[in-house]
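Novice: Supplied in structure tokens, the structure appears directly below.
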Amino acid sequence: MITFGMIYDKFFITGFLLIILLLNSCAFSESESQSDLYIKLEKEIMCPVCDGQTLDQSQSLIAENMKDTIKKKIEEGYDEKEIKNYFISRYGESVIAYPTFQGFNIVAYLIPVLLIALGLGILGFYIKKDKKISE
């Protein structure tokens, strides 16, 4: 015979298990986003003693120390910008693999676009000129 207590116990156990699963998935997604941030920072921060290598490419001792620092900073709750600023303050602006879009660095982003536009303009001019000559 099924009693009210048995039904209550089943609902209680089911609800408790669902809550545990939900909390576990939230913790997992946070650690997953932390590992994504770690991987991203490894690829965007340069090794200061290696020639043109990011931290994920370098096997040097300083790169390993910097990777450990990144892990610790992420665990302490630092965000991407704070971690990058920490390394910039220690090693200078050149420690970041991609120049920031501010100040003189804007030129690094604009020159390729301007050169492509200029090249397309010159190409269009010569094609138009060639059409007039052939007519």
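The values are calculated or read from the model by the stated rules, or taken from the named source; none is laboratory data. Small disclaimer: the values here were computed from a predicted structure and weren't measured. Positions of Cβ are generated from backbone atoms using ideal geometry, with glycine treated the same way; all protein chains shown enter the neighbour counts.
Novice: Got at least one residue in the range 118-135 being outside any helix (DSSP H, G or I), over 16 Å from the mean Cα position of the chain (by Cα) and not assigned by TED's automatic domain parsing to the domain that holds LEU37? Working first, answer last.
Specialist: Start the filter on the range 118-135 by keeping residues that are outside any helix (DSSP H, G or I), which leaves 135.
Within this subset, residues satisfying the condition of being over 16 Å from the mean Cα position of the chain (by Cα) are 135.
Among the residues that remain, those that are also not assigned by TED's automatic domain parsing to the domain that holds LEU37 are: 135.
Yes: one or more hits.
Novice: Report, ordered by the first and then the second residue, all pairs with beta carbons closer than 7 Å, sequence separation of six or more or different chains, a first member in the range 85-104 that is surrounded by 11 or more Cβ atoms within 10 Å (Cβ to Cβ), and a second member that is polar (S, T, N, Q) and modelled with pLDDT of 90 or more.
Specialist: Close Cβ pairs (under 7 Å, with a partner that is polar (S, T, N, Q) and modelled with pLDDT of 90 or more) amount to ALA97/THR54.
Novice: Moving to a separate point now. Within the range 43-98, which residues are within 20 Å of SER33 (Cα to Cα) and in contact with a Ser or Thr (Cβ under 6 Å, 6 or more places away or on another chain)?
Specialist: Result: LYS43, single match.
Novice: Considering only residues that are hydroxyl-bearing (Ser, Thr, Tyr) and in a loop (DSSP other than H, G, I, E, B), which ones fall in the range 38-64?
Specialist: Taking the range 38-64 and keeping what is hydroxyl-bearing (Ser, Thr, Tyr), we get 38, 54, 58, 60.
Within the range 38-64, SER58, SER60 meet the criteria.
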